[in-house]
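J.: First the structure, which I've put down as structure tokens, then a few questions once you've had a look.
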Amino acid sequence: MKVISTDKAPAAIGPYSQAMVLNDILFTSGQIPIDPATGEIKGTAIEEQAEQVMKNLGAVLEAAGTSFEKVVKTTCFIADMGDFAAFNEVYAKYFVGKPARSCVAVKTLPKNVLCEVEVIANV
């Protein structure tokens, strides 16, 4: 197993890694909309927060030597299913290969953000 870490995405805020690679498969931890430069939540609307989540995921994918095009599965968590359509608009710009996906509404996310996304990708 190989630990993936980059300062272009937020540091883990607990006892976990940003991502791990096992047998050419990348497993990311969930990314939330923290700006890695400031450590602050980026945006108050779902669109702004989703954009930052995708930037963070992109940085982790790049650090692992892969890209959005090689993502095979995503798991998306949103705080309000009423944000589903707006979240999808941002999501669709990045995941053009249409990987398999689960999307669920949850009661609360870390730091009370509006969305979190994790991915599995080929390296």
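Just so you know, all these numbers are worked out from the coordinates, no wet-lab data involved. As the structure is a computational prediction, the values presented were derived from the model and not from experiment. Cβ atoms come from the backbone with ideal geometry, glycine included; neighbour counts cover every protein chain shown.
J.: State the extension gain, in nm to one decimal, for the chain segment bounded by Lys111 and Ser67, taking 0.36 nm per residue of separation less the distance between their alpha-carbons.
T.: Gain on stretching Lys111 to Ser67: 13.2 nm.
J.: Next up: To the nearest 500 deg cm²/dmol, what mean residue ellipticity at 222 nm is calculated for the chain from DSSP H runs of n ≥ 4 alone, each contributing -39,500 (n - 2.57), summed and divided by the residues?
T.: Counting only the DSSP helices, I get -7500 deg cm²/dmol.
J.: Can you order the peptides 97-109, 63-75, 81-93 by their average number of other Cβ atoms within 10 Å per residue, highest first?
T.: In decreasing order of mean packing, 97-109, 63-75, 81-93 become 63-75, 81-93, 97-109.
J.: Just add up the charged neighbours of Lys93: K/R +1, D/E -1, any other residue whose Cβ is under 11 Å from the Cβ of Lys93.
T.: My count for the surroundings of Lys93 gives -3.
J.: Let me ask you something else. Quick one: if you stick a label point 7 Å off each Cα along the C-beta vector at Phe84 and Ala100, how many nm between them?
T.: Taking the simple label geometry, Phe84 and Ala100 are separated by 2.1 nm.
J.: How are the Cα pair distances of the stretch 16-81 distributed, in percent, across 5 Å bins from 0?
T.: Going out from 0 Å in 5 Å bins, the stretch 16-81 shows 3, 16, 27, 25, 17, 10, 3, 0 percent.
J.: Quick check for you: which residues of the stretch 47-70 have the amide N under 16 Å from the point 7 Å beyond the Cα of Asp35 toward its beta carbon?
T.: Within reach of a label on Asp35: 47-56.
J.: Using just the Cα positions, wrap the chain in a convex hull and report its mean projected area in square nanometres, one decimal place.
T.: 6.8 nm²
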